[in-house]
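The values are calculated or read from the model by the stated rules, or taken from the named source; none is laboratory data. Not measured: the values here are computed from a predicted model. Neighbour counts are summed over all protein chains in view; Cβ atoms, including those assigned to glycine, are modelled from backbone coordinates with ideal geometry. Protein only, heavy atoms only, side chains kept; ligands, DNA and RNA dropped before computing areas. Shrake-Rupley method; radii C 1.70, N 1.55, O 1.52, S 1.80 Å.
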Amino acid sequence: MARYTGPKERIERRIGEKIGIKGLRSQLGKTAITKKPYPPGIHGHKPTRKLSEFGQQLKSKQKIRNTYRMLEKQFKSYIKDAAASHKDAYSKIINSLEHRLDNTTYRMGLAQSRDQARQLVNHGHVLVNGRRVSVASYQVRVGDIISVREGSKKSPYFMNLVSQWLPKYDAPGWLELNKETMTAKIKGMVTVEESGIGAGDLQAIIEYYSR
């Protein structure tokens with residue numbers, strides 16, 4: 001599946017905000033934006049002008065899309081489908097993004113970044129209702145049980161690395177997490193507040209794709 005393979009920390013510098021792309025490095029404040037809090041390139045040091053309405057919408061779109069580590073085509077389809085539905089657009093966007101299997105794996109605390117979580121899914125380490133699913137964009141549903149394959153639990157990653165941070169991790173309210181078995185149940189829908197995405201950013205991306 002297609003994915004972005006370019007320099008990740010340049011994305012945060014271009015957006016001008018920390019979005020946690022580098023996992024532990026982001027948590028420890030060791031990413032490039034901490035040392036260079038200005039856009040990349042030879043003109044990065046120059047004062048930036050106030051963004052236009054379109055510029056603000058574009059920034060919101062880039063921030064959310066890169067937070068969930070998605071390419072433009074798939075991200076656009078999520079927003080278009082939500083805007084065209086008769087349901088609450090904000091809720092539909094949030095749940096389409098948060099209920100992706102790679103994001104759910106990340107929210108379970110099994111990975112320290114969404115890129116790392118996607119790799120776990122793609123390599124077949126994650127099960128949905130006891131069945132191996134290796135598609136990162138797979139949409140989990142309320143009541144689904146997400147777990148780690150038994151054979152994978154014996155790997156150095158899960159035995160030595162995950163065991164270091166998982167006991168201290170607090171899962172969001174829409175997940176019922178059993179840290180000992182590395183299993184989680186999808187309890188319900190995700191609220192805007194739980195996602196960490198601002199309502200202003202959601203409205204901005206809807207307006208961006210409505211042009």
Taking the condition of a type outside the set (D, E, K, R), at pLDDT 95 or above and out of contact with any strand residue (DSSP E or B) (no Cβ under 7 Å at 6 or more places or on another chain), does residue 134 pass?
yes
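Out of all the residues in segment 118-129, which are within 21 Å of residue 180 (Cβ to Cβ) and either open to solvent by 20 Å² or more (accessible area, probe 1.4 Å) or not hydrophobic (A, V, I, L, M, F, W, C) (or both)?
If the condition is that a residue be within 21 Å of residue 180 (Cβ to Cβ) and either open to solvent by 20 Å² or more (accessible area, probe 1.4 Å) or not hydrophobic (A, V, I, L, M, F, W, C) (or both), then 125, 127, 129 are the ones that fit.
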Just one of (1) open to solvent by 90 Å² or more (accessible area, probe 1.4 Å); (2) modelled with pLDDT of 90 or more; (3) under 22 Å from residue 174 (Cα atoms) trips up residue 108, so point out which.
(1)
Filter segment 109-122 down to residues that are hydrophobic (A, V, I, L, M, F, W, C) and assigned to a loop (DSSP other than H, G, I, E, B), then give me how many there are.
2
Quick one: residue 152 ticks every box in (1) open to solvent by 10 Å² or more (accessible area, probe 1.4 Å); (2) at negative phi bar one, so which box is it?
(1)
Answer from 115, 102, 88, 81 - the residue that is under 20 Å from residue 171 (Cα atoms), open to solvent by 10 Å² or more (accessible area, probe 1.4 Å) and acidic (Asp, Glu):
115
Scanning segment 170-205 residue by residue, those among the hydroxyl-bearing types (Ser, Thr, Tyr) and modelled with pLDDT of 95 or more turn out to be 181, 183
Residues of segment 130-149 classified as exposed (fewer than 15 other Cβ atoms within 10 Å of the Cβ), closer than 20 Å to residue 112 by Cα and of a type in the set (A, V, I, L, M), total:
1
What are the residues in segment 64-123 that are in contact (Cβ under 8 Å) with a residue 60 or more places away in the chain and hydrophobic (A, V, I, L, M, F, W, C), if any?
64, 71, 79, 82, 83, 89, 93, 94, 97, 108, 110, 111
